[in-house]
Amino acid sequence: MTETTVVHLLRHGEVHNPEGILYGRLPGYHLSENGRLMAETVAKAIGGRDIVVLRSSPMERAQETAAPLAAVLDLEVVLDERLIEAANVFEGMRVAGGNGVFRDVRAYRHFVNPFRPSWGEPYDEVVRRMKVAIDDARAAARGHEALLVSHQLPIWIIRLAAERRRLWHDPRRRQCSLASLTSFTFEGDRLASIGYSEPAGALLHDNPVPGA
């Protein structure tokens, strides 16, 4: 009989970022109070599932999102560099408000190729590393479930690739809210379905920093 394995991709919770900085891979950005509540809400919602593997991006916000899950599931959080946020040349810059990066003419040279994209890590590279991370977690959790804590862009890009959709897109149209789950269900080695849910949806409000 074919084994069913589920790999959940969990986006981290809300981050304390009052200045609207695109923080990307920058250190020092932690969950807000609401973000911690999001993480706890997710842990309560899925803590009873058959999750036997728990891995996280090394960024603080991802590890902090994984922490209550580790406690509920009684699992160790294993850091996986492949789950990290996509690199972006605009890290450390404001992306919200009247003086954001999109109003700075010096930034326009980075917008020449939205298909690669020219402002950051190529989408194809994001797909490759996320696919390997998912495949490794699936092998480790075969017949059970795995949970990987990552970031909006990597989660959305691997979903687009898995659904055979084009990788370039409008960031405002991503279906990957804070603390949301994108779940890949495998029958044996075959991807059978992709699901999406928002266990902490009641705690969501507008997130002014795209791709965070």
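The values are calculated or read from the model by the stated rules, or taken from the named source; none is laboratory data. What you are looking at is a predicted structure, and each value in this text was computed from that prediction instead of being measured. Cβ placement follows ideal geometry from the backbone for every residue including glycine, while neighbour counts extend to all protein chains displayed. Just so you know, the surface numbers come from the protein's heavy atoms only, side chains and all, with ligands and any DNA or RNA stripped out. Shrake-Rupley method; radii C 1.70, N 1.55, O 1.52, S 1.80 Å.
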For this session: Just need a number here: residues in region 168-212 that are aliphatic (A, V, I, L, M), under 26 Å from Asn34 (Cα atoms) and either out of contact with any helix residue (DSSP H, G or I) (no Cβ under 9 Å at 6 or more places or on another chain) or modelled with pLDDT under 95 (or both).
Result: 2
For this session: Would you point out which residue out of Arg49, Arg55, Arg82 is part of a helix (DSSP H, G or I) and at pLDDT 95 or above?
Result: Arg82
For this session: With respect to Tyr29, determine if the residue is hydroxyl-bearing (Ser, Thr, Tyr), more than 13 Å from the chain's Cα centre (by Cα) and modelled with pLDDT under 95.
Result: no
Problem set entry | Residue check, Glu64 acidic (Asp, Glu) and assigned to a helix (DSSP H, G or I) | yes
Problem set entry | In region 47-86, the residues that are open to solvent by less than 40 Å² (accessible area, probe 1.4 Å) and of a type in the set (Gly, Ala, Ser) | Gly47, Ser56, Ser57, Ala62, Ala66, Ala70, Ala86
For this session: Output yes when any residue across region 143-153 is under 14 Å from the mean Cα position of the chain (by Cα), of a type outside the set (Asp, Glu) and part of a helix (DSSP H, G or I), and no when none is.
Result: yes
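Table: residues versus (1) touching a strand residue (DSSP E or B) at 6+ places or on another chain (Cβ under 6 Å); (2) part of a loop (DSSP other than H, G, I, E, B).
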residue: Ile155; (1), (2): yes, no
residue: Ile158; (1), (2): no, no
residue: Arg165; (1), (2): no, yes
residue: Trp168; (1), (2): no, yes
residue: Ser183; (1), (2): yes, no
Seminar exercise, completed: Of (1) in contact with a Gly (Cβ under 9 Å, 6 or more places away or on another chain); (2) open to solvent by 30 Å² or more (accessible area, probe 1.4 Å), Pro199 satisfies every one except (1)
Problem set entry | Scope region 24-46; condition surrounded by 24 or more Cβ atoms within 10 Å (Cβ to Cβ) and assigned to a loop (DSSP other than H, G, I, E, B); matching residues | Gly24
